[in-house]
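Working notes, beginning with the structure itself.
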Amino acid sequence: MKQETLKLLFFYNKGKLYWKPRPLEAFKKYSAYVMWNRRYALKPAGSPNKRGYIRIGIAKKYYMAHRLIWLYHRGWLPEALDHKNGNPGDNRMSNLRPATQMENRWNSRRKLPTTTNTKGVYKRPSGHYEAHICANFKRVHLGTFERKKDAIAAVSKARKQLHREFARHR
């Protein structure tokens, strides 16, 4: 997909792409032209998938809206795009930033609920709390703590140091 193609098909407003009206020349039949423009023109493009990301179908292929929006504005695509606030439906340019796959994972939410509601802190059968963090594809043990808040503090400190602006604590 090219930036020029996107600018022909869509216009952008407040984090959403909207279909532009299509000219009669784009259709074989007049009735198809009328039907398409009544149904889609000037309406938001795409629909959310199970995870909340907006998917847009173009020429029998699906694209993620946040990637199309970035391409629409910048003209290039990074390895990955990160939603700063963690909301996959919030595709405002101010909420998108280029990232590596690893940085994108750092800013992800917990996949499963935990007893502590904090990424990287787990309660052991002994009643102590274990803290760990992932860095460079390796799990780093930060220690075992008697108090939950000490384990959370250790993980938060390590996450801020290693993950910088991509740190997410819950």
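Taking GluC sites (Glu not before Pro) that fall in a DSSP loop and have at most 16 other Cβ atoms within 10 Å as cut points, what is the longest piece of the chain between them? Intermediate results must be reported in sequence, preceding the final value.
Working: sites that count: Glu79, Glu146.
Counting at most 16 other Cβ atoms within 10 Å as exposed, the longest clean stretch of the chain is 1-78.
Subtract the Cα-Cα distance of Met93 and Ser31 from 0.36 nm times their separation in residues, and report this length gain in nm to one decimal.
18.7 nm is the gain from fully extending Met93 to Ser31.
Keeping all protein chains in place and using 1.4 angstrom, which order do Lys28, Lys138 fall into by accessible surface area, from largest down? Before the final figure, lay out the partial values.
Values: Lys28 210, Lys138 140 Å².
Largest accessible area first, the list is Lys28, Lys138.
Probe radius 1.4 Å, ligands and nucleic acids ignored: give me the carbon and sulfur share of the accessible area of the stretch 1-122 as a rounded percent.
Working: 4230 of 7840 Å².
Carbon and sulfur together cover 54 percent of it.
With an 8 Å Cα cut-off and a minimum separation of 6 or more residues, compute the relative contact order for the chain in percent. Provide the component values of the computation, followed by the final result.
Numbers: 251 pairs, mean separation 23.9, N = 170.
Across the chain, relative contact order equals 14 percent.
Loop-only check: which chymotrypsin sites (Phe, Trp or Tyr not before Pro) in the stretch 66-170 are DSSP coil with at most 10 other Cβ within 10 angstrom?
Values: sites: Trp70, Tyr72, Trp76, Trp106, Tyr122, Tyr129, Phe137, Phe145, Phe166; in loops: Trp76, Phe137.
Of the chymotrypsin sites (Phe, Trp or Tyr not before Pro), the ones in loops of the stretch 66-170 whose Cβ has at most 10 other Cβ atoms within 10 Å are Trp76, Phe137.
Per residue, what accessible area does the chain have, given a 1.4 Å probe and all protein chains present, in Å²? Mind showing how you got there, number by number?
Numbers: 11210 Å² over 170 residues.
Per-residue accessible area for the chain comes out at 66 Å².
Net charge around Leu71, counting only other residues with Cβ within less than 11 Å of its Cβ (Lys, Arg = +1; Asp, Glu = -1)? Each step should come with its number before you reach the end.
Working: positive: Lys2, Lys7, Arg67, Arg74; negative: Glu4.
For residues surrounding Leu71, the net value is +3.
Give me the one-decimal nm value for the distance between modelled label points at Met102 and Asn49, 7 Å along each residue's Cα-to-Cβ direction.
2.5
Enter the accessible area of Tyr33 (Å², nearest 10), with the probe set to 1.4 Å and all protein chains included.
The value for Tyr33 is about 60 Å².
Run lengths n ≥ 4 of DSSP H only: what is the helix-derived mean residue ellipticity at 222 nm for the chain, with -39500 (n - 2.57) per run over all residues, to the nearest 500?
-8500 deg cm²/dmol
The values are calculated or read from the model by the stated rules, or taken from the named source; none is laboratory data. Keep in mind that what you see is a predicted model, and the values were worked out from it rather than measured. We place every Cβ from the backbone using ideal geometry, glycine too, and count neighbours over all the protein chains shown. Only protein heavy atoms, including side chains, enter the accessible area calculation; ligands, DNA and RNA are left aside. Shrake-Rupley method; radii C 1.70, N 1.55, O 1.52, S 1.80 Å.
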